[in-house]
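Visitor: Mind looking over this structure? Questions follow.
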Amino acid sequence: MLSRKSYLIATIATASILVLLYTSRIGSRPGLDEPYYRHGTHGGHQAPQHSAADACQCNSTDGPPPPPPIVSSSPPADPACEGFPDTSNVLLVMKTGASEAFARLPTQLVTMLRCLPDFLIFSDMAQNIGGYQVHDSLATVSEEVQEGNSDFDLYRRQKWCLVDQENCNKLGNPAREGWNLDKYKNVHIAEKAYGMRPNYDWYLFVDADTYVLWPNLMQWLKKLDPTKKLYLGSVTLINNFSFGHGGSGYLVSKGAMDAFVGKNPGVANEYDMRAKGECCGDYIFALALKNKTEVGVQQMWPTINGEKPATLPFGPSHWCHPIVTMHHMNAEEINTFWHFERRKQLALAESGTSRPLVLKDIFEEFLAPHLNATREDWDNLADNRFYLDLDDDGRKWEEWQTKRMKKPEDYNEYEKRAHLSFEDCGAACRSLPYNECFRYKYQNGACAISNSFIMGKPVKRDDKDENRVMSGWDVEKIHAWIQKQGSCDKIKWPDVKG
């Protein structure tokens, strides 16, 4: 038999274990299948409440239901989110496709999206990725438009597929088919996002390969009034009609969303047939918004940007400007930039600096350490002006290249020889002021120059030396120009009207 003392010790130990098990449930993080609201309200939405009926899985004859599970009101602090801004008045709405979702979304979820209290993801198929719901944006497209429409071949095949989408996509051309299908999404996504989350101040629409710099965005939005009808983006044109480029992302205020979707129930279906005859969903969105509200897009470039660190054109147009979005970012680039941005933001905070991250900071991290005078088998994307070998009668140049030529009578002595070789192309660039040439590229009788500096990308080496792509940068001129710019004490935010 246990002694009185031993019995007391055993009783205390048992009670301690029960308390430990109980309190561990209090501190546990909800599963990813739970809604990912944090405690409190976000965009006018109360955090979900769980009742005993939600938790009880027993029959009524089994006695009184057990108490509801104890779930923490907010998840433990994520060290990666230290210093992350309050984004609770902005809803991120991300667009993807089922053929690319598993390649793009996981990295977004563990980097850019991990610190957001709420966001919505839309695709062309309902999916669940790591516990996060991906919504079907096309479920409400009119049957009339879908019926017999080859644009929806991919959509139908995805529903038919009984195995993984990668295998089923081998039966078609998902890149081309996905492009054809994508144009039906944007207005439906806006309508669904507003219906699910109607009370946000701002709605930011992006693609799954878009990166958002949230600290910069939140600093910028403090300067703007969401009750005004605003549609902000990086402007592009189709048929002389301006719209915000979807990949760069576009920002729509509550005032504009209320007037567009709130006052026009079923607006998305009104544009299904129009989308069939057009190329792009971002264009259709702008058309619909303009028709219903008279709100047109405002140019926010370079703050809303379609480039990424390797293709950003650093220089006079991209220097002391804050940047909010970048596009065409693959998983590795998103991960790399996320870690850089968090490190840079914490460093700025520790130094007592409240300024946003600007393009100069991106240059210093991604291009400056690798800025060489020349690189072989490399395309630095120079294309502002061309010097072409016009003496070769059998050579035909593209019209867009010849239109970017200087008049030969305006050439200096170095420019007259620029088309002869890579070395002559570089000499011509160095003979010009910085507002004409910071970088140059040469390939087989074509010398191209540009008045910004870009990293660019590698190209496969051609077997013929004359066909190799050669790139150069006027490093001395670049460093001299940077020295004159100072430390970006004056931040160049875009001008928003209204």
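Visitor: Restricting attention to region 480-490, which residues are among the hydrophobic types (A, V, I, L, M, F, W, C) and either open to solvent by 40 Å² or more (accessible area, probe 1.4 Å) or part of a helix (DSSP H, G or I) (or both)?
Guide: Within region 480-490, Ala480, Trp481, Ile482 qualify.
Visitor: Here's something else I'd like to know. Residue check: is Glu376 within 14 Å of Ile454 (Cα to Cα) and open to solvent by 30 Å² or more (accessible area, probe 1.4 Å)?
Guide: no
For every residue, the table says whether it meets (1) surrounded by 14 or more Cβ atoms within 10 Å (Cβ to Cβ); (2) part of a helix (DSSP H, G or I); (3) among the small types (Gly, Ala, Ser); (4) in contact (Cβ under 8 Å) with a residue 12 or more places away in the chain.
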residue	(1), (2), (3), (4)
Pro356	yes, no, no, yes
Phe363	yes, yes, no, yes
Ala382	yes, no, yes, yes
Phe386	yes, no, no, yes
Lys396	no, no, no, no
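Visitor: Sticking with this structure for a sec: Among (1) open to solvent by 10 Å² or more (accessible area, probe 1.4 Å); (2) not in a strand (DSSP E or B), there is one condition Met112 misses while meeting the rest; what is its number?
Guide: Condition not satisfied by Met112: (1).
Visitor: Could you list all residues from region 404-436 that are outside any helix (DSSP H, G or I), open to solvent by 90 Å² or more (accessible area, probe 1.4 Å), touching a strand residue (DSSP E or B) at 6+ places or on another chain (Cβ under 9 Å) and basic (Lys, Arg)?
Guide: Scanning region 404-436 gives a single hit, Arg404.
Visitor: Among the candidates Ala275, Ala208, Ala288, which residue alone is within 25 Å of Asp495 (Cα to Cα), touching a helix residue (DSSP H, G or I) at 6+ places or on another chain (Cβ under 9 Å) and either free of Cβ contacts under 8 Å to residues at least 12 places away in the same chain or open to solvent by less than 40 Å² (accessible area, probe 1.4 Å) (or both)?
Guide: The conditions single out Ala288.
Visitor: Starting from region 122-147, keep only residues that are in a strand (DSSP E or B), then list their pairs with residues that are open to solvent by 10 Å² or more (accessible area, probe 1.4 Å) and of a type in the set (Gly, Ala, Ser) whose Cβ atoms are within a distance under 8 Å, requiring at least 6 positions of separation or different chains.
Guide: Once the first residue is in a strand (DSSP E or B) and sits in region 122-147, its partners that are open to solvent by 10 Å² or more (accessible area, probe 1.4 Å) and of a type in the set (Gly, Ala, Ser) give Gln133/Ala126; Val134/Ala126; His135/Ala126; Asp136/Ala126.
Visitor: Then there's this: Quick check: anything in region 258-272 closer than 29 Å to Trp493 by Cα, in contact (Cβ under 8 Å) with a residue 24 or more places away in the chain and within 20 Å of the chain's Cα centre (by Cα)?
Guide: no
Visitor: May I ask you to verify whether Leu162 is modelled with pLDDT of 95 or more, out of contact with any Phe, Trp or Tyr (no Cβ under 7 Å at 6 or more places or on another chain) and surrounded by fewer than 23 Cβ atoms within 10 Å (Cβ to Cβ)?
Guide: no
Visitor: Here are the criteria: (1) at pLDDT 75 or above; (2) among the polar types (S, T, N, Q); (3) open to solvent by less than 30 Å² (accessible area, probe 1.4 Å). Tell me which single one Ser99 does not satisfy.
Guide: All conditions pass for Ser99, except number (3).
Visitor: Same structure again: Tally up the residues in region 118-154 that are of a type outside the set (S, T, N, Q), within 15 Å of Leu181 (Cα to Cα) and touching a helix residue (DSSP H, G or I) at 6+ places or on another chain (Cβ under 7 Å), please.
Guide: So the answer is 10.
Visitor: Does region 442-453 hold any residues that are open to solvent by less than 10 Å² (accessible area, probe 1.4 Å) and either within 34 Å of the chain's Cα centre (by Cα) or among the hydrophobic types (A, V, I, L, M, F, W, C) (or both), and which are they?
Guide: Of everything in region 442-453, those that are open to solvent by less than 10 Å² (accessible area, probe 1.4 Å) and either within 34 Å of the chain's Cα centre (by Cα) or among the hydrophobic types (A, V, I, L, M, F, W, C) (or both) turn out to be Cys447, Ala448, Ile449, Ser450, Phe453.
Visitor: For region 118-159, how many residues are open to solvent by 20 Å² or more (accessible area, probe 1.4 Å), of a type in the set (Val, Ile, Thr) and more than 27 Å from Glu278 (Cα to Cα)?
Guide: 0
Visitor: Another question about this same structure. Determine whether Lys229 is assigned to a helix (DSSP H, G or I), of a type in the set (D, E, K, R) and at pLDDT 95 or above.
Guide: The answer is no for Lys229.
Visitor: Quick one: count up the residues across region 378-393 that are more than 14 Å from Arg417 (Cβ to Cβ) and modelled with pLDDT of 95 or more.
Guide: 9
Visitor: Something else about it: Can you pull out the residues in region 270-319 that are under 17 Å from Val252 (Cα atoms) and among the aliphatic types (A, V, I, L, M)?
Guide: Ile284, Ala286, Leu287, Ala288, Leu289, Val295, Val297, Met300, Ile304
Visitor: Moving on to the next point. Does Arg439 qualify as being touching a helix residue (DSSP H, G or I) at 6+ places or on another chain (Cβ under 8 Å), without any contact (Cβ under 8 Å) to a residue 24 or more places away in the chain and surrounded by 15 or more Cβ atoms within 10 Å (Cβ to Cβ)?
Guide: no
Visitor: Might you let me know whether region 329-343 holds any residue that is open to solvent by less than 10 Å² (accessible area, probe 1.4 Å), touching a residue at least 12 places away in the same chain (Cβ under 8 Å), farther than 22 Å from Asp489 by Cβ and part of a loop (DSSP other than H, G, I, E, B)?
Guide: yes
The values are calculated or read from the model by the stated rules, or taken from the named source; none is laboratory data. Here the structure is a predicted model, which means the values were calculated and not measured. All Cβ positions, even for glycine, are placed from backbone atoms using ideal geometry, and neighbour counts span all protein chains on display. Surface accessibility is based on the protein's heavy atoms, side chains included, excluding ligands, DNA and RNA. Shrake-Rupley method; radii C 1.70, N 1.55, O 1.52, S 1.80 Å.
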